[in-house]
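Engineer: Below are the structure tokens for one structure; questions will follow.
The values are calculated or read from the model by the stated rules, or taken from the named source; none is laboratory data. In this text the structure is predicted, and so the values were computed from the model without any measurement. Glycine gets a Cβ as well: all are built from the backbone with ideal geometry, and neighbour counts include every protein chain shown. Just the protein is used for accessible areas: all its heavy atoms, side chains included, with ligands, DNA and RNA removed. Shrake-Rupley method; radii C 1.70, N 1.55, O 1.52, S 1.80 Å.
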Amino acid sequence: MLFSLLLPQKVVFGWSKRGEFGELASELGTTAVVVHGSRTLHNSTLWAELMATLEEQGVRVVREIGIRREPTIEDVDSATAKVLSSSSPPDMVIGIGGGAAIDLAKAVSAMATNQQGESVRDYLEGVGKGLSIENAPLPMLAVPTTAGTGSEATKNAVISVDDPPCKKSLRSEKMVPKIILIDPELSVTVPPSVTAASGMDAITQLIESYISSRATPLTQSLCLEGLKHALPNMKRAFVDGTDQPARTAMAYAAFLSGVSLANSGLGMAHGIAAPLGAHCDVPHGLACATLLPIALKTNQTVSRKQQVVLGKLFAKNPHLSKENAIAASISHIENLCDDLSIPKRLRDLGVLKEQLNDIVTGSRGNSMNGNPRVLTDEELYSILEEHW
Ligand SMILES: [Zn+2]
């Protein structure tokens, strides 16, 4: 057996655990930059409650930075400039929100201590000067609120690039947040459409990590644990956002998806989701949800063993035949997507047929490298055309 495992230093999980926010922050520093997403949370009494716990513990906030989209190069550069020009230099970063806020917080914490380049562009995979993160980033406390990307547990931040349109990762093992605080109650105000997209992102990450060519027995056990919780609770959290057990199960599954993907990689749904976002503005979770059944169908010939396990788990029937289990691994996900009103075809996501070539080219990256079935450009094009 051979594996390496990258994990955050400390994880605190539980309904109403946000009371420990200030105490956990004080373990990392005294002067903080706070990066946040959702306006709803920022304007709520919960926000005031969180900030009060910082004050009680003697943690001062020197900058607040808001982000309401997946971060761009300009977002990272301007946030880093703000951090570096703060009256007192911060010694920690707090990221509260969905994947975009946490990714921006991770990027800023790394850029604040790595200034060899002029822009984060110089550090992105496959673009710029190819610089790497040499210095330890500012220590970070991540507080995810959408139960989706699992970004709180991963080593990369996804950054949108304009020219050419693509999404690239700022990646370093040093970027895994030091402390994660997951309070599923913070997700009760997330609207159903975001709950569906981010929950399906987590489910896609768990399934792609499970069948990935880089999976290990350890990451696979985390994926099955996550799926066991996510599958029966995805629709419940979508239908009733205040459902405590469902929100808790989804937050747990999202965290496990982050740990597993950081250690095993992903697959074609994530590979294709990147150019769908960059060229067609499709939100990440929605792209993943539409692509997941397509990925399962495409991989079923080479990931038979894994899809048999998934099908039996989804159908809660250990006696299914292999063929029926593989079929169940796909049909359960298709039915779940129907329940959540996820579009089936790429054209329904706003993709134009003439964009398919760019999407094929843009899908070649770290995620696609983990796909169990190796696909030529021609094969990938015809799969996309079939589902357009
Ligand atoms: Zn994802």
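Engineer: Hey, could you check the stretch 346-388 for residues that are assigned to a helix (DSSP H, G or I) and of a type in the set (K, R) and say which is least open to solvent (accessible area, probe 1.4 Å)?
Structural biologist: My answer is K353.
Engineer: Still on this model: So N114 ticks every box in (1) touching a Phe, Trp or Tyr at 6+ places or on another chain (Cβ under 8 Å); (2) within 29 Å of A289 (Cβ to Cβ) but one. Which box is left unticked?
Structural biologist: Every condition holds for N114 apart from (2).
Engineer: Of everything in the stretch 242-283 that's among the polar types (S, T, N, Q) and out of contact with any Cys (no Cβ under 7 Å at 6 or more places or on another chain), which residue is nearest to the ligand (Cβ to nearest atom)?
Structural biologist: S257
Engineer: Here are the criteria: (1) away from the ligand (no atom under 16 Å from the Cβ); (2) assigned to a helix (DSSP H, G or I); (3) open to solvent by less than 20 Å² (accessible area, probe 1.4 Å). Tell me which single one R121 does not satisfy.
Structural biologist: (3)
Engineer: Strands (runs of 3 or more DSSP E) wholly in the stretch 147-207 with at least 3 residues that are more than 11 Å from the chain's Cα centre (by Cα) and away from the ligand (no atom under 16 Å from the Cβ) - which ones?
Structural biologist: 179-182
Engineer: Scan the stretch 184-193 for residues that are surrounded by 22 or more Cβ atoms within 10 Å (Cβ to Cβ) and over 8 Å from A147 (Cβ atoms) and report the count.
Structural biologist: 1
Engineer: Give the residue, chosen from L54, L41, L24, that is closer than 18 Å to A100 by Cα and outside any strand (DSSP E or B).
Structural biologist: Of L54, L41, L24, the one residue that is closer than 18 Å to A100 by Cα and outside any strand (DSSP E or B) is L41.
Engineer: Looking at R63, R68 in this structure, which one is part of a strand (DSSP E or B) and at pLDDT below 95?
Structural biologist: The unique qualifying residue is R63.
Engineer: Sort out which residues of the stretch 87-98 are open to solvent by less than 10 Å² (accessible area, probe 1.4 Å) and within 16 Å of the ligand (Cβ to nearest atom), and write them in order of number.
Structural biologist: G97
Engineer: Determine which single condition L84 fails, assuming it passes every other condition in (1) surrounded by fewer than 21 Cβ atoms within 10 Å (Cβ to Cβ); (2) within 28 Å of A251 (Cα to Cα).
Structural biologist: So the condition that L84 fails would be (2).
Engineer: Before we move on, is V93 free of Cβ contacts under 8 Å to residues at least 60 places away in the same chain and not basic (K, R)?
Structural biologist: no
Engineer: Just to be sure I understand, how many residues within the stretch 19-44 are modelled with pLDDT of 90 or more and surrounded by fewer than 22 Cβ atoms within 10 Å (Cβ to Cβ)?
Structural biologist: 10
Engineer: Now for a different question. Could you please find all residues in the stretch 313-338 being open to solvent by 70 Å² or more (accessible area, probe 1.4 Å) and either assigned to a loop (DSSP other than H, G, I, E, B) or under 15 Å from M234 (Cβ atoms) (or both)?
Structural biologist: Residues satisfying the conditions are K316, P318, H319, N335, D338.
Engineer: Yes or no: T189 at pLDDT below 95 and polar (S, T, N, Q)?
Structural biologist: Taking the combined requirement at face value, the residue satisfies it.
Engineer: Let me ask something additional. Which condition breaks for S221 when tested against (1) more than 16 Å from the chain's Cα centre (by Cα); (2) touching a residue at least 24 places away in the same chain (Cβ under 8 Å); (3) outside the structural domain of E134 (by TED's automatic domain parsing)?
Structural biologist: (2)
Engineer: Follow-up question, since we're still on this one. Of all residues in the stretch 286-297, which are within 14 Å of the ligand (Cβ to nearest atom) and open to solvent by 10 Å² or more (accessible area, probe 1.4 Å)?
Structural biologist: The answer is L286, and nothing else.
Engineer: So, one more: In the list A237, A274, which residue meets the criterion of being modelled with pLDDT under 95 and part of a helix (DSSP H, G or I)?
Structural biologist: Step by step, each of A237, A274 is checked, and only A274 is modelled with pLDDT under 95 and part of a helix (DSSP H, G or I).
Engineer: Can you run down the residue pairs with Cβ atoms below 6 Å, 6 or more apart or on separate chains, where the first is in the stretch 1-21 and under 15 Å from S257 (Cβ atoms) and the partner is part of a strand (DSSP E or B) and of a type outside the set (D, E)?
Structural biologist: What qualifies is P8/I180; V11/I180; F13/I182.
Engineer: Within the group A112, A107, which residue is closer than 25 Å to A25 by Cβ, more than 16 Å from the ligand (Cβ to nearest atom), open to solvent by 10 Å² or more (accessible area, probe 1.4 Å) and out of contact with any Gly (no Cβ under 8 Å at 6 or more places or on another chain)?
Structural biologist: A112
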